[in-house]
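Just below is one structure, and these are the notes that go with it.
The values are calculated or read from the model by the stated rules, or taken from the named source; none is laboratory data. Predicted model only: the values in this text are computed from it and were never measured. Cβ coordinates were reconstructed from backbone atoms using ideal geometry, including for glycine residues, and neighbour counts include every protein chain displayed.
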């Protein structure tokens, strides 16, 4: 079994090898799935970064109402991150 990273880095060689062995594989499907996986992973990381920044700003906020808004925003971002991560797994 080949590692997906190896396949993606050597796509043409893997295609040629499969043709030589008369093996039918959906390499384009693998490429598409890997692209989608990377996009979803980036989305999770971006949401996590935003949630962390929001959490840090809570301590710097003096106004109680503003602090509560930031806490709610932080919770919302964490929930979005968790949902995106579940969809990724």
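Considering 36, 32, the condition of being modelled with pLDDT of 95 or more, within 25 Å of residue 84 (Cα to Cα), surrounded by fewer than 13 Cβ atoms within 10 Å (Cβ to Cβ) and out of contact with any helix residue (DSSP H, G or I) (no Cβ under 8 Å at 6 or more places or on another chain) is satisfied by 32 alone. For residue 80, work out the one condition from (1) within 30 Å of residue 33 (Cβ to Cβ); (2) over 24 Å from the mean Cα position of the chain (by Cα) it doesn't fulfil. Going through (1) within 30 Å of residue 33 (Cβ to Cβ); (2) over 24 Å from the mean Cα position of the chain (by Cα) one by one, residue 80 breaks only (2). Determine whether region 3-18 contains at least one residue that is surrounded by 14 or more Cβ atoms within 10 Å (Cβ to Cβ), within 24 Å of residue 85 (Cα to Cα) and out of contact with any strand residue (DSSP E or B) (no Cβ under 8 Å at 6 or more places or on another chain). Yes: one or more hits.
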